Each structure stands twice: as structure tokens, then as C-alpha cells.
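Chemist: Below are the C-alpha cells for one structure; questions will follow.
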Amino acid sequence: MQGPAIEPFEHDAEKEKYYADLLHMGTIDGSMDDGTAVAAEMEAALKEYDLIGSDLGIVPKTCKILPEDPSQLTRWIIGEEMVQKRFSHKNVTIADAQSIGVCNGQQGDNLPSDQEVVQLYQSNNIGRMRMYGPNPSTLQALGGSNIELVLDVPNPDLPALGSDPSAASQWVQNNVGNYFPSVKFRYIAVGNEVDPNKADTAQYVQFVLPAMQNVYNAIAALGLQASDQIKVSTATYSALVSNSYPPSQGSFDGVKSFMEPIIQFLAANKSPLLANIYPYFAYNGDQQHITLPYALFTASADQSGYQNLFDAMLDAMYSAVEKAGGPGVEIVVSESGWPSDGGGAGATSDNAGTYYKNLIQHVNGGSGTPKRPGKAIETYLFAMFDENKKNGAGTEQHFGLFSPNKQPKYQIAFN
């Protein structure tokens, strides 16, 4: 059985009982055979607990799925802070009940200090961050913050890390080992949007998988069972998916020799695939066939049964992953966003606010996608701030959830 409180145990009943005993409570046991239904109920209970703001002894009514002692989940929530303080190296956390992280892009000359950025994450209840390369100042600011981090290996580093295991070991020691466990590393994303068919990234294709393998081995060598806690993956994107509609036809046919070994590596190591999913770019590039309401989560279902473009794009990626040999590989949405300005079709503040609000509600809601129903979707919004030094189209500088002065651009509850 899986769920926000159960997931760290990975179906290990002995571990589950061990941590349950530490909290002086019984092993959590649900009455439903369908683990996804249990997970959805538990996530709803966590949300309700936050909303009612009641005394610690009051049990959320949605805990009724725990028949013998429904207060077990409540006691698990109450004890979480104690467990994180005493057993943080065991990765016991309620962060899995939250699905939203935010990407911390740093291509601006007017951005807040790293300490201010971390405080802004905390004050907005954002429990996860993605960072596109190791920045010592940011890593230091994250120390002790309890924010889970997705750390990228930048594409230009791939040749060295892919061809030389000692270089990978040094990179991991410098950027992970020196900060672990004070910084809570969640994933190492080895490369971002490497595409065999793009001139600016094709040079890195041959190094992605060897770099993933070398980084994985280097993390395992850190000890503290780090390889079980810090998953190694790569961040891909929708352009690599062929035949994306209907979503069931999605495949990596155009990049099979590149993606299949990566998917098999992820499957063997129980790691997710990170995928950047942007309905905005799909809409902007094909307004003849894609309507704005469909991209903004405000449309009715189409002929394939999909109510929004996000789910269709994500399920097309799932179909491609399955065909590549990864039927059990989960997908983490490592980027998704909508620009508020910059001249692109639909790039307005109103549309961006609508997209972010509806996306957060959808991925946190537990409905999942038609292909993977009944579960929250771990998603990283792009990005924390408008970045005035980003290259590319004018819209690239307007994806921020906050202005550089730390003022929110939209009224959003993240988690």
C-alpha cells in the first residue's frame, strides 16, 4: 500500500512498524484493497487537518478509512516534527503529502539574496525547490530549512561526469556530500532537455546515461544509505515524444536509442523520470487544434476523454515510458508554467494566474490522470521569479510567480 505516510517505507512492513513504534502508534492499515484510493483519502485528511486548524486531539473525518483507530493518521501528523528532528537521516517526512515545488531560476540581476529566497519558500509553504546547477550560496541557505531539493547537473558538465567516474565522485562530494544531510536532496537531475535532434544539445547525448550511472555510484559511495534517499534521473521534455495524440500512442520512436537505456536504468533503480510539461508551448505552437480553455484546465472533455492538455501531455509521456521498458517508472513534472507577458499567444497575467491556480488544484487534488488515476502528481512550477537575463523569446523573462521584489504576481495557495 502506498500513500503520503506510507510511501517512504516502500512496502517494507518491518520498516513501517519500526517507525510506527517510534511514534507510539500502531502500524497504519487501510481497509481498502486499492492503495491509490487509500493514498487519496490520506492526502485529503492531511489537507483537511491543515484547513480546520483544530486542537491536536481532533481527528479529521476523512480518517475514517483507518477503521480500528482513525487517530493513527492524526498522531502520525503530530509526531512528524519530532521524527524529523530525531530521525531526519531516515527521510521520514510529510512532504510526500504535498505535490508542489517551485523552480528557482537565477538568471536575473535583480533577484533577492539566497537567504531571502529560502525564507520566501518557507513563508509560502513551498516545501520543494529545483535548482539548475550547484550554487554554494543557495546550498548554504538551504541548510536546515527542510526544503527538499532537486539539483541539476548542468549540460556542460555531462562530458566530464560521463567519461570520468572520478570527476563524478568529486562533483557529488563537492555539491552533495558537503551539504548532506543538512540539505535535503531529493533528486539529482543529470542533464536538462538533452535532445538528439537539437543542435545545441545533441553533443551531450552520449554522456547522459554514463553520467547518470557515475553520479548514482558516487552517491551510493557516500554511505548513510544515500542511494535509497537521493534518486538519480534526468529531465526530459515533451518534444521527445512522438505520436502524442491520442496520449495512448505516445512513444520515443524518434529517439529510441537514446531514451530506452535511460528508462531501463530508472526502472532498475526505482527512480522517476523528470519531465518538463508545458501546455503553454503546445498551445502557442498549434492554436488551430488546441483551444485556450483546454490548456488552462477550463474546458470539457475531448473525444479521447481528456479534460485538459496537461493530463494529455503527461499521459503521452507515460505511454512512451511504458513502451521503452518502464511500465513502473513514475514521472515527476519537473517544470510547468505560463508566462504573464512577452508577446506570445495567450501570454497574459490573467491566463498565467488561471493556469497556475488550476494546475496546483489539479495536481494536489489526488485525481491523477486518466492513465494514472487516484494520486497526486509531484509538480515543480516554473519559476519562482521573473528573470530579466533569460535568453530566447520575450516570454522567457515572464514565467515568475513572484516579482524580484518578492511581491506575488498571483494570489496562490501553493500547498
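Taken together, the values in this text are just the output of simple stated rules run on the coordinates, not laboratory data. No experiment lies behind these values; they were computed from the predicted model shown. Cβ coordinates were reconstructed from backbone atoms using ideal geometry, including for glycine residues, and neighbour counts include every protein chain displayed.
Chemist: How much length, in nm to one decimal, is gained on full extension between Ala393 and Asn217, taken as 0.36 nm per residue of separation minus their Cα-Cα distance? Write out the running numbers ahead of the final one.
Modeler: Values: separation 176, 0.36 × 176 = 63.36 nm, distance 3.84 nm.
Length gained, Ala393 through Asn217: 59.5 nm.
Chemist: To continue, here is another question. Please report the antiparallel percentage of the DSSP beta bridges confined to the range 98-397, to the nearest 5.
Modeler: Taking every DSSP beta bridge within the range 98-397, about 5 percent pair in antiparallel fashion.
Chemist: What chymotrypsin sites (Phe, Trp or Tyr not before Pro) does the range 351-415 have in DSSP loop regions with at most 16 other beta carbons within 10 Å?
Modeler: Those satisfying the criteria are Tyr410.
Chemist: Then there's this: Which of Lys184/Lys389; Lys231/Lys390; Lys323/Lys390; Lys198/Lys409; Lys184/Lys375; Lys323/Lys409 have a Cα-Cα distance over 31 Å?
Modeler: Lys323/Lys390; Lys198/Lys409; Lys323/Lys409
Chemist: Tally Lys and Arg at +1 and Asp and Glu at -1 over the other residues with C-beta under 13 Å from the C-beta of Leu292: what net charge comes out?
Modeler: Its environment carries a net charge of -2.
Chemist: Once the Cα atoms of the range 155-294 are picked out, what are the Rg and Dmax in Å?
Modeler: Considering the range 155-294 through its Cα atoms, Rg and Dmax are 16.9, 54 Å.
Chemist: Evaluate Rg over Rh across the range 98-397, taking Cα atoms for both radii and Kirkwood's formula for Rh.
Modeler: 0.95
Chemist: For the range 228-280 and the range 145-164, what is the separation of their Cα centres, given in Å?
Modeler: Rounded to whole Å, the Cα centres lie 18 Å apart.
Chemist: Running Debye on the range 285-402 with equal point scatterers at the Cα sites and no solvent, what base-10 log of I(q)/I(0) appears at q = 0.14, 0.20, 0.21, 0.23 Å⁻¹?
Modeler: Taking Cα atoms of the range 285-402 as identical point scatterers yields -0.64, -1.18, -1.25, -1.37.
Chemist: Quick one: give the max-minus-min coordinate of the C-alpha atoms of the range 87-211 along each principal axis, largest first, in Å.
Modeler: Reported extents, whole Å, longest axis first: 41, 35, 27.
Chemist: Quick query: amide H of Gly143 versus all other amide H atoms, modeled in the peptide plane; which residues come in under 5 Å with a sequence gap of 5 or more or a different chain?
Modeler: Sorted by chain and number, the residues that satisfy this come to none at all.
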